[in-house]
1. If you take the residues of the stretch 153-173 that are assigned to a loop (DSSP other than H, G, I, E, B) and under 19 Å from I114 (Cβ atoms), which of them is modelled with the highest pLDDT?
2. Select from the stretch 1-37 the residues that are assigned to a helix (DSSP H, G or I) and modelled with pLDDT under 95 and list them in ascending order.
3. If you check D85 against the conditions, is it touching a Ser or Thr at 6+ places or on another chain (Cβ under 9 Å), modelled with pLDDT under 90 and open to solvent by 50 Å² or more (accessible area, probe 1.4 Å)?
4. Return the total of residues in the stretch 11-25 being open to solvent by less than 70 Å² (accessible area, probe 1.4 Å) and either of a type in the set (S, T, N, Q) or closer than 23 Å to R73 by Cα (or both).
5. What number of residues within the stretch 43-63 satisfy the criterion of being under 23 Å from G176 (Cβ atoms) and open to solvent by less than 70 Å² (accessible area, probe 1.4 Å)?
6. Suppose we keep only residues that are open to solvent by 20 Å² or more (accessible area, probe 1.4 Å) and of a type in the set (A, V, I, L, M) within the stretch 137-158. Which one would you say is nearest to H123 (Cα to Cα)?
7. Go through the residues of the stretch 68-75 one by one and say whether even a single one is farther than 23 Å from Q121 by Cα and either open to solvent by less than 70 Å² (accessible area, probe 1.4 Å) or not in a helix (DSSP H, G or I) (or both).
Amino acid sequence: MAGFRALAEQVRNPRLVSTQRRTALRKCLERFAPYGHRATWHHLCTRAGIAAYDRNPDPERLVAALAELEEARTLWLAYEREFADRRRREKHDGIRQPSAIDDWHRRTWGGCDIVPCESPQRHPAARLAVVLRSMIAAMESGRPRRDCPVCGGTRFAWLPASANFPSSGPACRQCGVLAPASVLTPEALTAAAGGAGAFAAA
């Protein structure tokens with residue numbers, strides 16, 4: 001099975017037809033998809049100007065989408081290295097009890113569903129790297145907040161677990177991301193629970 005970098009080279013390979021390059025980009029999302037596979041694909045298509053179901057897209061647009069994905073992956077891999085180094089130091093110092101950021105990182109290890117979204121069509125408009133940087137900073141600060149760490153929105157609705165979305169938690173009604181509960185204040189979480197079903201009603 002080809003790795004991310006080998007697939008990225010296929011996306012850039014001018015000797016391959018556009019449909020093959022598109023398939024390689026889709027396979028890249030099996031290795032790294034910050035919003036989840038479908039939402040990340042929709043995000044990249046939207047930003048690069050590709051129709052999500054276009055089987056023969058402009059190769060330059062595919063390369064542009066890949067560049068955004070690679071930028072975010074580089075940021076995430078650097079964070080994972082820093083995280084692993086910190087945990088080694090903490091364990092050496094006798095700190096074994098996992099923190100909220102440890103729990104979040106365990107669930108996001110490998111780069112999929114780092115910032116899950118309420119639906120494949122509802123996600124932040126900013127570049128993936130910008131969104132990841134905001135979420136990492138919010139988690140590492142250790143200070144719960146009342147607003148969304150991605151867009152600053154202050155309205156949340158509790159998204160229940162379902163067959164299509166196995167996780168549950170507070171989803172931002174402005175940008176659609178599912179924020180880790182540990183990053184929000186008890187008041188924000190209570191308000192989100194009171195807004196349960198708001199997305200379904202919208």
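1. Step one: of the stretch 153-173, the residues assigned to a loop (DSSP other than H, G, I, E, B) are 153-155, 160-168, 173.
From the residues that got through so far, the ones that are under 19 Å from I114 (Cβ atoms) too are 153, 161, 164-168.
Working: G153: 95, A161: 68, N164: 54, F165: 55, P166: 51, S167: 64, S168: 77.
Here the answer is G153.
2. Within the stretch 1-37, H37 is the sole residue that qualifies.
3. Criteria not met by D85.
4. 9
5. The total comes to 8.
6. V150
7. Yes, there is a match, as at least one residue in the stretch 68-75 is farther than 23 Å from Q121 by Cα and either open to solvent by less than 70 Å² (accessible area, probe 1.4 Å) or not in a helix (DSSP H, G or I) (or both).
The values are calculated or read from the model by the stated rules, or taken from the named source; none is laboratory data. No experiment lies behind these values; they were computed from the predicted model shown. As a convention, Cβ positions derive from the backbone with ideal geometry for all residues, glycine included, and neighbour counts pool all protein chains shown. Each accessible area value is taken on the protein alone, full model and side chains, heavy atoms only, with ligands, DNA and RNA left out. Shrake-Rupley method; radii C 1.70, N 1.55, O 1.52, S 1.80 Å.
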